[in-house]
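Report on the following structure.
The values are calculated or read from the model by the stated rules, or taken from the named source; none is laboratory data. Remember, it's a predicted structure, so these values are computed and weren't measured experimentally. Ideal geometry is used to build each Cβ from the backbone, glycine not excepted, and the neighbour counts take in all protein chains shown.
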Amino acid sequence: MPEECDDITGLLHRWQCGDATAETALFEALLPDLRKMARRYFQRENAGHTLQPTALVNEAFLRLSRSKNIEWHDRGHFFAIAGRVMRRYLIDYARARPGVEVLALDDIPERVVAGRTNRDLALEIDILLDELDRENRRLCSVVELRFFLGLTDAEAADALNLSLHTLQREWYRARYWLFERLSGSKPLKAKD
């Protein structure tokens, strides 16, 4: 695993310097993980969802490949950014289609849902994640991978290069932060 992370970090740095072969090698190496992230998200969705995992991965790939100004640090940084790109795409997709569900509401306490529709809750969480990102980027990345993409604790820890214990602690802190803001306030005005 450490060798794989070093290889990925090297490819990221070469890609950042404009090496097209590094870009190809990087995405070949990471595509299985991106696909797994997308499949995890869609496992929670209703059958017949109009968006498919392949489309989500392709869009994430296109958006990431256009992002030439990102100063890549390592594999964990890549997956944090990939999770953010996928979240933004899912939110944009939901905004354009009011009837689309964006999140599985299974793990959200009823006091937090408080009569919100799935779409409204997803859009409110999106607004809060922008705030959380300014306060604590790592917590935001944890939410994007666990909440929006449905990765398990172990998968998210691996993607972010964190120990399982650290990821679980950060996931607890992030949920507390979100649920406190969602349950203690009036619904936020989603930016449509």
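Could you run through the range 131-190 and say how many residues are among the polar types (S, T, N, Q) and over 24 Å from L56 (Cα atoms)?
Looking only at that region, the number is 6.
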*Taking the range 12-26, which residues are within 18 Å of L62 (Cβ to Cβ) and assigned to a helix (DSSP H, G or I)?*
L12, W15, Q16, A20, A22, E23, T24, A25, L26
*Tally time: how many residues in the range 58-76 are free of Cβ contacts under 8 Å to residues at least 40 places away in the same chain and either within 21 Å of A157 (Cβ to Cβ) or touching a strand residue (DSSP E or B) at 6+ places or on another chain (Cβ under 7 Å) (or both)?*
1
*Listed residues L51, L30; which is modelled with pLDDT of 85 or more, surrounded by 12 or more Cβ atoms within 10 Å (Cβ to Cβ) and of a type outside the set (K, R)?*
L30
*Per-region count, the range 145-164, residues in contact (Cβ under 8 Å) with a residue 60 or more places away in the chain and touching a Ser or Thr at 6+ places or on another chain (Cβ under 8 Å)*: 1
*Has the range 135-154 got at least one residue that is assigned to a loop (DSSP other than H, G, I, E, B), β-branched (V, I, T), over 22 Å from G10 (Cα atoms) and touching a Lys or Arg at 6+ places or on another chain (Cβ under 9 Å)?*
yes
*Here is a list of conditions, (1) of a type in the set (S, T, N, Q); (2) farther than 27 Å from F78 by Cα; (3) surrounded by 22 or more Cβ atoms within 10 Å (Cβ to Cβ), and S141 meets all of them except one; can you say which number that is?*
(2)
*Pairs, please: C-beta under 8 Å, at least 6 apart or cross-chain, first residue over 16 Å from S141 (Cβ atoms) and at pLDDT below 90 and in the range 165-181, second in a helix (DSSP H, G or I) and aliphatic (A, V, I, L, M)?*
F179/V112; R181/L128
*asked:* If I filter the range 116-124 for residues that are under 29 Å from F179 (Cα atoms), in a helix (DSSP H, G or I) and modelled with pLDDT of 85 or more, do I get at least one hit?
replied: yes
*Mind listing whichever residues of the range 57-92 are among the hydrophobic types (A, V, I, L, M, F, W, C) and touching a Ser or Thr at 6+ places or on another chain (Cβ under 7 Å)?*
A80
